[in-house]
1. Nearest 10 degrees is fine. How inclined is helix 106-124 to the longest principal axis of the chain, computing both from alpha carbons?
2. What share of all Cα pairs of the chain, in percent, falls into each consecutive 10 Å distance bin?
3. Between 31, 284, 152, find the one with the highest GNM mean-square fluctuation for the chain; connect C-alpha pairs within less than 10 Å.
4. With axes computed from alpha carbons, what is the tilt in degrees of helix 318-327 against the longest principal axis of the chain, rounded to the nearest 10 within 0 to 90?
5. Can you give the extra length, in nm with one decimal, that the chain gains between residue 283 and residue 125 once fully stretched, where that is 0.36 nm per residue apart less the Cα-Cα distance?
6. Ranking 102, 295 by Cβ neighbours within 10 Å, fewest first, what do you get?
7. Fully extended, how many nm does the chain gain between residue 29 and residue 4 (0.36 nm per residue separation, minus their Cα-Cα distance)?
8. Over region 6-109, how many percent of alpha carbon pairs lie in each 5 Å bin up to the one with the longest distance?
């Protein structure tokens, strides 16, 4: 008869050997509160559309593994600071990727850890059933981690661990092994509401409730024209947003460099903006392809870089933006370039917009060109 208590301890010990920073065990019962919350989020229109599965699949482990009895949750810490960050200077303005995209794509790294953990369990139980997931699976990583005692769910909608703050990546294995569950952490945010107050777009409706459609982390990944109200809010972010993490008092001083794979290359995570405008698909893949922030391709990154140049009123980028406005085949890029040229506001910018407007056929682009020209009189 297999001793499941002993197997749990062996699994914990092995997880440390392979570099997992934290591991916890949870029951595979239905996540009833989560299910109700997801249904409510759908009704309110607060979901981004990137979520996988319906509320039932996301909250009922049995739908994913009919024999499920427990869930193993893992966490890997990632750094919050980099050594020698490059300067963001006039004439050489830079964008920024959120910390969750520093280093190698975390999906790849966690997948390797979960596969090792799964192989370890299969050696001891050849007939084991298991299914692992990282972020893109149906189950809510955060709900699993909370139940497994990895951390508590913060008002910023992130799992906050006592050791590493919220700077952790999460993944899980659903299995038919009846592991004894761990106790959830009872600590919370208390009266602190700093993240809710600091959210640039008011995406945090209230503590623990996020309107994903307003979240900069989501908005920077969209491919169409960014709505006007968000254009001044994203600043120089080309992918993701860290505000609700960086303002969190619990995260103060939390900076762990346990995994070489997550170490940031300063020139990649704070790239110069102007070269991004001219980068080819091949160059983009070679330079950024191993980062989580590359998954939507170069178009959203370029659009965000164009907006960032407008945000900085970077006059040195005027010629680059004029070239895009007149020659790029993608309407979103042409139109956004016209908008940012108007924000930069040089005589040359306005002259170029007016000239391009005379021959532009796309209605959305012409609308953006007119917005650009409107900056001339405001």
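No value in this document is a laboratory result; all are computed from the given coordinates. In this text the structure is predicted, and so the values were computed from the model without any measurement. When we count neighbours, we look across all protein chains shown, and the Cβ atoms used for this are built from the backbone with ideal geometry, even at glycine.
1. 10
2. With 10 Å bins starting at 0, P(r) equals 5, 22, 28, 23, 14, 6, 2, 0, 0.
3. Comparing 31, 284, 152 in the GNM, the peak value goes to 284.
4. Once rounded, one gets 90 degrees.
5. Result: 52.3 nm gained on full extension.
6. Details: 102 23, 295 15.
Sorted ascending by nearby Cβ count, the order is 295, 102.
7. Working: separation 25, 0.36 × 25 = 9.00 nm, distance 1.85 nm.
Gain in length upon complete extension: 7.2 nm.
8. Bin by bin from 0 Å, the calculated values are 2, 9, 12, 13, 14, 17, 13, 8, 6, 4, 2, 1, 0.
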